[in-house]
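Below: one structure, written as structure tokens.
The values are calculated or read from the model by the stated rules, or taken from the named source; none is laboratory data. Predicted, not measured: the structure shown is a model, and the values here were computed from it. Cβ placement follows ideal geometry from the backbone for every residue including glycine, while neighbour counts extend to all protein chains displayed. Please note that ligands, DNA and RNA were not included when accessible areas were found on the heavy atoms of the full protein model with its side chains. Shrake-Rupley method; radii C 1.70, N 1.55, O 1.52, S 1.80 Å.
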Amino acid sequence: WNGDPGQNGAVSVIAAAPLSVSVACSPAVILDSPNQVATCTVSSSQAAPSTGLNVNLGLPAANPRYTVACPNPIAIPAGATQSTAACTITATPNTVLGDGDVPVSVSVAPASNKEYVVGGTAAQVLVQDDDVAVPPINVSLACTPTSSTDSPNQVAQCTVTSSQAAPAAGLVVGLVLP
């Protein structure tokens, strides 16, 4: 109430602006490897009322490439501007080549009691495929001289060449002699 009587002695009430609620997840990209987790937080434009604020979420459907663990609704405690409950997206580790990237979307859903309005857009997390095909390593053998006669002290010097640098563990090449 603004304390000023309106026309004919009527009291005018000034309505408070509704809380605007949004969600953000970090990091925005996780790999399909072990221990890859994005954490999502729900934020309000103003402190939650004395009863707290329960926020409805729009969560993705189940997917074998990730799991989502979020309470729904998620609470913003009284007087706070952010949720404190854990809300996570965890990548499912895999080694499937070429299974591609998978986007995950978490959004704020409208309040059934008009206690808040949806602010911003849905939070996006990308579960990125980190499994890449390793190209084969090709080796070649070159000897000098390229031919020899069957006589004593004939020596050829041979070099093995690889199409790529040898892995850290080394590269074993087997030779079959005629």
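GLN157 satisfies every condition listed in (1) in contact with a strand residue (DSSP E or B) (Cβ under 8 Å, 6 or more places away or on another chain); (2) surrounded by 10 or more Cβ atoms within 10 Å (Cβ to Cβ) except (2).
Checking every residue in the stretch 103-125 against the condition of being part of a loop (DSSP other than H, G, I, E, B), more than 18 Å from VAL37 (Cα to Cα) and among the charged types (D, E, K, R) gives at least one match. What residue, among those in the stretch 50-67 that are in a strand (DSSP E or B) and buried (at least 16 other Cβ atoms within 10 Å of the Cβ), is nearest to the chain's Cα centre (by Cα)? Among those residues, the one meeting the criterion is TYR66.
Within the stretch 106-125, the set of residues being open to solvent by less than 60 Å² (accessible area, probe 1.4 Å), within 19 Å of GLN82 (Cα to Cα) and in contact with a Ser or Thr (Cβ under 9 Å, 6 or more places away or on another chain) comprises SER107, VAL108, TYR116, GLY119, ALA122, ALA123.
When the residues of the stretch 126-145 are filtered to those that are not hydroxyl-bearing (Ser, Thr, Tyr) and not in a loop (DSSP other than H, G, I, E, B), the one that is most open to solvent (accessible area, probe 1.4 Å) is LEU141. If you filter the stretch 69-83 down to residues that are in a strand (DSSP E or B) and open to solvent by 50 Å² or more (accessible area, probe 1.4 Å), you find that the one that is farthest from ILE30 (Cα to Cα) is GLN82.
One residue stands out among those in the stretch 90-105 that are over 10 Å from LEU126 (Cα atoms) and of a type in the set (A, V, I, L, M): the one that is least open to solvent (accessible area, probe 1.4 Å), which is VAL96.
For (1) acidic (Asp, Glu); (2) more than 20 Å from ALA109 (Cα to Cα); (3) modelled with pLDDT of 95 or more, each residue gets a yes or a no:
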{"site": "GLY9", "(1), (2), (3)": "no, yes, no"}
{"site": "VAL13", "(1), (2), (3)": "no, yes, no"}
{"site": "VAL37", "(1), (2), (3)": "no, yes, yes"}
{"site": "PRO71", "(1), (2), (3)": "no, no, yes"}
